[in-house]
Amino acid sequence: MTAAPCRADLVARLTGLTPGQRARLRGRIPQVLAEQRRLTPGQRRLWLTQQRLPGHPVDVVCQAVHLTGGPVDLDLLAERVRGFAARHEALRTTFEDGGSGLRPVVHEELPPLLARTRCADADAAHRLARELAAEPFDLAAGPLLRVTLAEGPAPDEAWLLVVVHNLVFDAWSFELLLDELARPADTEPAAAPAFSDYARELRQWLGSPAGQEAAAYWAGEVADAPPPLPTDRPRPADGTSRKGGRVDFTVSRAVTEGIAAAAQHEAATAYAGWLAVAWAALAEFGGRQDVLLGTFTAGRDRPGTAEVAGYLLNVLPVRLRDAGDGSHAARVRAVRTATRAGLRHAAYPGELVAAEVRPARVPGDHPLLDAVFVFDNLGEGGREIQGARADTADLDKGTARYDLTLAVYPGPDGTEGWFEYDSELYDEATVRRLAERFTALAGAAAGAGGRA
């Protein structure tokens, strides 16, 4: 295995590009700085998807938080939600498409849409959250945050339903919101740096030597990319409507601990262990070891970004090619090497990486990525709000952001996860077989301690 590339490696990558690729690479960053003067590349992609699929909740966060084990003051929760939205610039932002082009508009005041109701059970709460997500967002008028607080059938049960457009929010932002709701009464709220400051710093970084090095690295990673995974039906030339479904799966606590232990044995994280299992499953599914996956990064490595609410999430490619002897341990080592190399350049927007691929690898909103891997252990330690246990469910909205998305959520009692699929491309039976194969490979990897 090779170490993370140094500057000489990046120069070698540049040298290996064709004259046309080098010309596009040189010209891309000034073009990006001009085009993305106001929106980040990620926000621009979300906006374009919204325009192509108006009223379709593809890029909408839809979370249901079940509060149990103690009475919760819903008035206080509503007050905290209002305060959180008021402090964070992104949640006071709308988007105007006028003669001067698309631009964000930050309002002095833009209260979230708050409602109160009662829910008889979890099914009713989840159904209500999906209905909130299905209501089209007016990106020009706002607000882009909707929260419903629901009393349960007993005094010690309630629901917090959060629906918000990804243009102003991501998974990390949701955790910041939960932090605020759980904040003790005798403490001050956390600082709220402005999203616009992050966006400006990102534009500056793209034009820096580090940004140019990152562009060269990613151009090399996606050069001669493998074909996308097979589908049950051909991909339409203009992309699909992104209607989708999910196949859920669970993995036992013993297998979860085995995957983590096998990864630790190779000086890697549990993320690398699970990604190695995903690689094995998708390589088998696609019939080739060279697999190109998208993987999520929080986009919060710079000082001060940990407290920024907004869409900082980045989806970058990870190229997995050499499985060595085919063992789980060999795959973990290869994943560790690939992800550590990419981590040095993780601030570079994935949308700009995709823009360098000619022709597009897949049609539609994501011209580079057909399959994405999600690993989320942010809530692994559990959480309490006002003394009540808070359990969060990421709800299926009947949409698919990518052709295939594999999500893995490890917890103290095992791992839950799902395969989300584009139903215009895949049959549920196909994805169900893939999920069964993934869990079988996970069990084999854990049982062998990573040695086979």
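Bear in mind that the values in this text are calculations on the coordinates, not laboratory data. Keep in mind the model is a prediction, meaning the values are calculated, not measured. Glycine also receives a Cβ, built like all others from the backbone with ideal geometry; neighbour counts cover every protein chain displayed.
Kindly provide the GluC sites (Glu not before Pro) of region 346-436 that DSSP labels as loop, not H, G, I, E or B, and whose Cβ sees at most 13 other Cβ atoms within 10 Å.
380
Work out the charge dipole of the chain with +1 on the Cβ of Lys and Arg and -1 on the Cβ of Asp and Glu about the Cα centre, then indicate which of 444, 218, 426 is farthest towards its positive end.
Of the listed residues, the answer is 218.
By its C-alpha gyration tensor, with a ≥ b ≥ c as the square roots of the eigenvalues, how is region 228-447 shaped: rounded for a/c under 1.5, else prolate for a/b larger than b/c, else oblate?
Rounded.
Take 47, 205 and order them by how many other Cβ atoms sit within 10 Å, fewest up front.
Arranged by neighbour count, lowest to highest, 47, 205 become 205, 47.
Is the shape of region 97-191 best called rounded, prolate or oblate, per the rule: a/c under 1.5 gives rounded, else a/b larger than b/c gives prolate, else oblate, with a ≥ b ≥ c the square roots of the Cα gyration tensor eigenvalues?
Oblate shape, in that a/c is at least 1.5 and b/c is the bigger or equal ratio.
Determine the calculated [θ] at 222 nm for the chain from helices alone, applying -39500 (n - 2.57) to every DSSP H run no shorter than 4 residues and normalising by the residue count; nearest 500 deg cm²/dmol.
-12500 deg cm²/dmol
Under a Cβ-Cβ cut-off of 12 Å, what is the net charge of the residues other than residue 432 that fall near it, where Lys and Arg count +1 and Asp and Glu count -1?
Numbers: positive: 246, 433, 437; negative: 248, 427, 428, 436.
Computed value for this residue: -1.
Under 5 Å between amide hydrogens, which residues at least 5 positions from residue 96 or on another chain qualify, with H placed 1.01 Å from N in the peptide plane?
103, 105
Might you report the magnitude of the Cβ-based charge dipole of the chain about its Cα centre, with Lys and Arg at +1 and Asp and Glu at -1, to the nearest 20 debye?
In debye, rounded to 20, the chain gives about 1860.
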